[in-house]
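Chemist: Encoded as structure tokens, here's the structure I'll be asking about.
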Amino acid sequence: MLVRGWGATYLLRDIPHVVCVRICAPMVDREHVLMERLGISDPAIARREIERNDAIHNGTMQRLFGIDWTDPALYALVLNTARIRVADCVEHIAAVAESATSQETTDSRMALNDQLILSKVHSALDQRFGSSSSALGIDAEVAAGKVVLKGALSDQRMIAETVRLMHEITGVQTVESRIGHLAIVRDDKEKR
């Protein structure tokens with residue numbers, strides 16, 4: 001299966017059987033490809049569109065994950081089509097995908113399933129508490145379908161609701177709450 005997406009490389013980076021690949025080329029080559037595909041005659045127009053797209057891509061990756069998507073450490077392979085023919089790039093990718101290190105195992109399937117559950121956890125928290133749920137102090141880890149919630153909240157009902165919400169997520173086996181209850185202490189002067 002091929003997954004093409006701005007966040008896929010980062011989200012799936014720890015899954016052993018997922019081969020993350022970056023295909024790149026110098027700007028001049030990218031301009032020529034875009035001009036040919038869209039019938040553009042002015043390289044400056046093609047360059048502006050590529051730069052605009054790159055800026056949006058970079059901004060999104062920075063905002064969502066705090067990463068530089070051009071960092072080669074995020075990828076198993078980085079291929080430059082100005083130096084390697086596209087057909088050869090395909091052969092390189094296929095060879096890595098067929099290698100022993102890229103084969104799916106029980107552990108790698110479990111890691112992928114845990115990543116899927118974690119993404120459902122974040123989505124459920126964001127839907128319930130707003131897109132700033134991490135600002136509330138709630139964090140989660142998933143291992144073998146077990147969700148461990150961490151953080152600190154001042155509202156005991158919110159902690160209970162968060163645990164209940166996790167139990168509703170498909171694939172969750174168990175939920176453990178390590179969310180501490182913050183007591184709010186008010187100074188008597190505030191009461192006056």
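Chemist: Compute the label zone of ALA8 within segment 42-84: residues whose backbone N is under 12 Å from the point 7 Å along Cα-to-Cβ.
Modeler: none
Chemist: Using bins 5 angstrom wide from zero, how does P(r) for segment 106-181 break down, in % of all Cα pairs?
Modeler: Spelled out per bin, shortest first, that is 3, 17, 30, 26, 14, 6, 3, 1.
Chemist: Could you work out the relative contact order of the chain? I mean the mean sequence separation of Cα pairs under 8 Å and 6+ apart, divided by the number of residues, in percent.
Modeler: Relative contact order here is 19 percent.
Chemist: Test of understanding: what is the full-extension gain from THR101 to ARG128, defined as 0.36 nm times their sequence separation minus their Cα-Cα distance?
Modeler: Separation in residues times 0.36 nm, less the Cα-Cα distance, equals 5.8 nm.
Chemist: Further, regarding this structure: So if R0 is 35 Å, what FRET efficiency would LEU77 and ILE40 give, r being the distance between their Cβ atoms, rounded to the nearest 0.05? Spell out each step's value before the answer.
Modeler: On the way: r = 30 Å, r/R0 = 0.85.
FRET efficiency, LEU77 to ILE40: 0.75.
Chemist: Show that you can apply the helix-only estimate: for the chain, add -39,500 (n - 2.57) for every DSSP H stretch of four or more residues, divide by all residues, and state [θ] at 222 nm to the nearest 500. Could the numbers behind the result be given before it?
Modeler: Details: 7 runs with 92 residues, N = 192.
It lands at -15000 deg cm²/dmol.
Chemist: Taking the dipole about the Cα centre of the chain, with the C-beta of Lys and Arg at +1 and of Asp and Glu at -1, give me whichever of THR70, THR60, ASN80 is farthest to the positive side.
Modeler: THR60
Chemist: Enter the per residue convex hull volume of the chain, computed from alpha-carbon coordinates, in Å³ rounded to the nearest integer. Spell out each step's value before the answer.
Modeler: Values: hull volume 34.0 nm³, N = 192.
Output value, Cα hull per residue: 177 Å³.
Chemist: May I pose another question? Round to the nearest 0.05 the FRET efficiency obtained for MET27 and GLN62 when R0 = 22 Å and r is the Cβ-Cβ distance.
Modeler: Working: r = 21 Å, r/R0 = 0.94.
Here the calculated transfer efficiency is 0.60.
Chemist: Restricting to the chain, compute how many DSSP beta bridges are antiparallel as a %, nearest 5. Present the calculation step by step, with values, prior to reporting the outcome.
Modeler: Numbers: 6 of 18 bridges.
Here the antiparallel bridges make up roughly 35 percent for the chain.
Chemist: Still on this structure, please answer the following. If you average the alpha carbon positions of segment 105-132 and of segment 27-62, how far apart do those two centres end up, in angstrom?
Modeler: Using only Cα atoms, the two centres lie 33 Å from each other.
Chemist: Now a separate question. In whole Hz, with x marking every Gly and Pro, tabulate ³J(HN,Hα) for segment 117-124 from phi via Karplus 6.51 cos²θ - 1.76 cosθ + 1.60, θ = phi - 60°.
Modeler: 4, 4, 5, 5, 4, 4, 5, 5
Chemist: How many nm is it between the label spots at ARG52 and ASN113, if each spot is 7 Å from the Cα in line with the beta carbon?
Modeler: Distance between the two pseudo-spin positions: 4.5 nm.
Chemist: Now for a different question. Taking 41 Å as R0, compute the FRET efficiency from the Cβ-Cβ separation of GLU91 and VAL163 and round it to 0.05.
Modeler: That gives a FRET efficiency of 0.25.
Chemist: Report, by chain and number, residues whose modeled amide H sits under 5 Å from the one on SER154, excluding near sequence neighbours (fewer than 5 apart, same chain).
Modeler: Answer set, sorted by chain and number: LEU182.
Rule-based calculations on the coordinates, nothing more; no lab input. Everything quoted here is computed from the prediction, not taken from an experiment. Because the Cβ atoms are built from the backbone with ideal geometry, glycine has one as well, and the counts that use them run over all protein chains shown.
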